[in-house]
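Visitor: First the structure, then my questions, so here it is.
Each value in this text was obtained by applying a stated rule to the coordinates, not by laboratory testing. Model, not experiment: these values are computed from the prediction. Every residue, glycine as well, gets a Cβ built from its backbone with ideal geometry; the counts of neighbours run over all protein chains shown.
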Amino acid sequence: MSDTLVAFDDVLASYDPALGLEVHVELNTATKMFCGCPAVFGGEPNTQVCPTCLGLPGAMPVVNGKAVESAIRIGLALNCEIAEWCRFARKNYFYPDMPKNFQTSQYDEPICFEGWMDVDVDGETFRVEIERAHMEEDTGKSLHVGGATGRIHGADYSLVDYNRAGIPLIEIVTKPIRGAGAKAPAVARAYVSQLRDLIVALGVSEARMDQGNLRADVNLSLAPKDSGTLGTRTETKNVNSFRSVERAVRYEMQRHAAILDSGGAIFQETRHWHEDTGVTTSGRPKSDADDYRYFPEPDLVPVAPSREWVEELRGTLPENPVERRARLQAEWGYTDLEMRDVVASGLLGPIEETVAAGASAQAARKWWIAELTRRANDAGVDVVDLGVSPAQVAAVQALVDAGTINDKLARQVFDGLLAGEGTPEEIVAARGLAVVSDDGALGAAVDAAIAANPDVADKIRDGKVAAAGALIGAVMKEMRGQADAARVRELILEKLA
Ligand SMILES: [Zn+2]
């Protein structure tokens, strides 16, 4: 059954949206949160486990100091207070891929609290207030086999892989974000995208949304316009791209409005986002915190980071994002509009890396914003998840700069990169894409073009040099775009001088 939706503009005529974002960041520590098991991705199922992360009787957890350090650095970068003393708590619930039957998390004593982050949307700044950032552990993974969709419904059997159980997570929770109005979907997207930039700059996570290193839950509620109240919210879980965050907010605004318009009430629940159809569907009723019967974790000592350590970590923070954007814009010579596009696309980091790898700022922008963003949109993924690296983009541009290929041929090199055909150099060789600048081959093509276009040739002989364009075009067509256009022009003018 499909939902009734209200047109987006009509939603805003009657309601004020409020957003809330919960982002889970999987840390890139060498070991798990409470044991020494390796935290690397991709091992054979159930090979990175021990009595502690399997929840066996008698096993005792120990806090991973590096994870605490990463949590504090994230908190400081988000302008949070850092607790002088805090504890872990048990969150009790049953989940088949959580072997302990409770999750070790933090409850009323988070390590980081009361922060903020400014996000840019179309040149306007929104201050997103951070309620808390706390430490917890990830669950294992269930694999449902035999069903069509990979979900448990229709599956023949299910398997559980506990390699991920106990990987350190930081959950970052915003306060309700109000006043964004029609920009609510864009603000949600910008927040997640700029938060990812920050996490990457901190170096604390791989932060790949498509691989689940960074997962966003999107809360949305509507209140009657100008009432100043908050409506009942729904929570759309695990939205795994920037673009889906934006679409999910938009969809929920339109769905809530239709229910409220018809006199109905919003049911507080989790929702699932479906990338393919662009809709959310009902998940489970959303529990209140007291249902989890939190209590302080008795097997772990409290975490009490010294003020000296916190200040030392403050000294390791990357440049403030606002200053960084201003500095890069000045270094790169981008216009305000160009910079806005880059920030909105979440491409500041990749472009910076591409420039560091040797490409000019304008070339880096051109490939990421024009070429790769278009391809990502066609594929329905975020451009950072397309699978082309900054180093590869710089390598393609180096081939253009060297005159080996031109921009048009470079697009075919990107085809090859996306198809996994090897390095840019290998693709140029395998596909025979190099520009021909050899006078022998070019001369023959120029002679043929002159012979086929005697009128044009006469004009050039009479001094109308601009007419050469037509002959260059004919040569390019003959040589499938691979002729060195500058050399072709010289040859034409020499031959008709
Ligand atoms: Zn373990």
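Visitor: Taking the Cα centre of segment 131-224 as origin and charging only Cβ (+1 Lys, Arg; -1 Asp, Glu), how large is the dipole, in debye to the nearest 20?
Guide: 440
Visitor: Here is a further query. What percent does the relative contact order of the chain come to when contacts are Cα pairs within less than 8 Å and at least six residues apart?
Guide: Answer for the chain is 15 percent.
Visitor: Here is the link list: LYS183/LYS366; LYS141/LYS183; LYS91/LYS237; LYS66/LYS286. Which ones come out longer than 25 Å on Cα distance?
Guide: On the way: LYS183/LYS366 27 Å; LYS141/LYS183 35 Å; LYS91/LYS237 18 Å; LYS66/LYS286 33 Å.
Where the Cα-Cα span goes over 25 Å, the pairs concerned are LYS183/LYS366; LYS141/LYS183; LYS66/LYS286.
Visitor: Classify segment 1-150: rounded, prolate or oblate, from the alpha-carbon gyration tensor (a ≥ b ≥ c, eigenvalue square roots; a/c under 1.5 rounded; otherwise prolate if a/b is larger than b/c)?
Guide: oblate
Visitor: Among ASP138, ASP10, ASP217, which comes first, second and so on when ranked by fewest other beta-carbon atoms within 10 Å?
Guide: Fewest-to-most ranking of ASP138, ASP10, ASP217: ASP10, ASP217, ASP138.
Visitor: Modelled label-to-label distance, GLU490 and THR277, 7 Å Cα→beta-carbon offset: nm?
Guide: Result for the modelled spin labels: 6.2 nm.
Visitor: Sticking with this structure for a sec: Using a 7 Å offset from the Cα along the Cα-to-Cβ direction at both GLU269 and THR47, what is the distance between the two label points in nm, to one decimal?
Guide: Inter-label distance under the simple model: 4.1 nm.
Visitor: Please flag any cysteine in the chain that has no other cysteine's Cβ under 4.7 angstrom from its own Cβ.
Guide: Cys with no partner Cβ under 4.7 Å: CYS35, CYS37, CYS50, CYS53, CYS86.
Visitor: How large is the dipole of segment 8-312 about the Cα centre if only Lys and Arg carry +1 and Asp and Glu carry -1, each at its Cβ, rounded to the nearest 20 debye?
Guide: 580
Visitor: If we count every other residue with Cβ under 13 angstrom of LEU317's Cβ, Lys/Arg +1 and Asp/Glu -1, where does the sum land? Walk me through the numbers before you get to the answer.
Guide: Working: positive: ARG73, ARG314, ARG324; negative: GLU69, GLU311, GLU312, GLU319, GLU323.
Result for the neighbourhood of LEU317: -2.
Visitor: Sequence-distant or interchain residues sharing an amide H contact under 5 Å with ALA89, placed H: which?
Guide: The list, which skips near neighbours in sequence, is SER105, GLN106, TYR107, GLU297.
Visitor: Using only the Cα atoms of the chain, build the gyration tensor, take square roots of its eigenvalues as a ≥ b ≥ c, and label the shape rounded, prolate or oblate: rounded if a/c is under 1.5, else prolate if a/b is larger than b/c, else oblate.
Guide: Judged from the Cα gyration tensor, the chain comes out prolate (a/c at least 1.5, a/b above b/c).
Visitor: Additional query: Given R₀ = 51 Å, FRET efficiency for ALA13-LEU418 by Cβ-Cβ distance, to 0.05?
Guide: 0.75
Visitor: In debye, nearest 20, what is the charge dipole magnitude of segment 319-431 about its Cα centre with +1 on Lys and Arg Cβ and -1 on Asp and Glu Cβ, if you could check?
Guide: Details: 11 positive and 18 negative charges, 46 e Å.
Once rounded to the nearest 20, the dipole reads 220 debye.
Visitor: Another one. Classify segment 382-497 as rounded, prolate or oblate from the Cα gyration tensor: take a ≥ b ≥ c as the square roots of its eigenvalues, call it rounded if a/c is under 1.5, otherwise prolate when a/b beats b/c and oblate if not.
Guide: Prolate, since a/c reaches 1.5 and a/b exceeds b/c.
Visitor: Still on this structure, please answer the following. Helix 184-202 versus the longest principal axis of the chain: what is the Cα-based angle in degrees, 0 to 90, to the nearest 10?
Guide: Between helix and principal axis, roughly 90 degrees.
Visitor: Now a separate question. Positive end of the dipole of the chain, charges at C-beta (+1 Lys, Arg; -1 Asp, Glu), about the Cα centre: which of MET209, GLY416, MET339 has its Cα farthest in that direction?
Guide: GLY416
Visitor: Hey, how many Å between the Cα centroid of segment 121-169 and the Cα centroid of segment 407-424?
Guide: One Cα centre to the other: 33 Å.
Visitor: Using only Cα atoms and rounding to the nearest 10 degrees, what angle (0 to 90) does helix 407-418 make with the longest principal axis of the chain?
Guide: 40
Visitor: Per residue of segment 488-497, what does 6.51 cos²θ - 1.76 cosθ + 1.60 with θ = phi - 60° give for ³J(HN,Hα)? Whole Hz please, x for Gly and Pro, Karplus curve as stated.
Guide: The phi angles translate into 4, 4, 4, 5, 4, 5, 4, 5, 9, 5 Hz.
Visitor: Then there is this: Using alpha-carbon pairs under 8 Å, 6+ residues apart, how would you state the relative contact order of segment 1-145 in percent? Don't skip to the end; give the middle numbers.
Guide: On the way: 190 pairs, mean separation 25.0, N = 145.
Value for segment 1-145: 17 percent.
Visitor: Compute the length gained on full extension between GLN211 and SER437: take 0.36 nm times their separation in residues and subtract their Cα-Cα distance, giving the result in nm to one decimal.
Guide: 77.0 nm
Visitor: With θ set to phi - 60°, apply the Karplus curve 6.51 cos²θ - 1.76 cosθ + 1.60 along segment 425-433 and write out the HN-Hα couplings as whole Hz, x wherever there is a Gly or Pro.
Guide: Going residue by residue, I get 4, 5, 5, 4, 5, 5, 8, x, 9 Hz, with x marking Gly and Pro.
Visitor: Find how much the distance from MET479 to ALA466 grows on full extension, using 0.36 nm per residue of separation minus their present alpha carbon separation; answer in nm with one decimal.
Guide: Result: 2.6 nm gained on full extension.
Visitor: When a footprinting reagent is the concern and you count Cβ atoms within 10 Å, what order do THR4, THR232 take, fewest first?
Guide: With the sparsest Cβ surroundings first, the list reads THR4, THR232.
Visitor: Taking H as built 1.01 Å from N, whose amide H comes closer than 5 Å to the amide H of GLU137, not counting residues under 5 places away?
Guide: Counting only residues 5 or more places away or on other chains, the set is THR104, LEU169.
Visitor: Please arrange SER306, SER241 by counting, for each residue, the other beta carbons lying within 10 Å of its beta carbon, fewest first.
Guide: Details: SER306 9, SER241 22.
Final ranking by Cβ density, sparse to dense: SER306, SER241.
Visitor: Next question. Mind checking the angle between helix 468-478 and the chain's longest principal axis? C-alpha axes, 0 to 90 degrees, to the nearest 10.
Guide: 70
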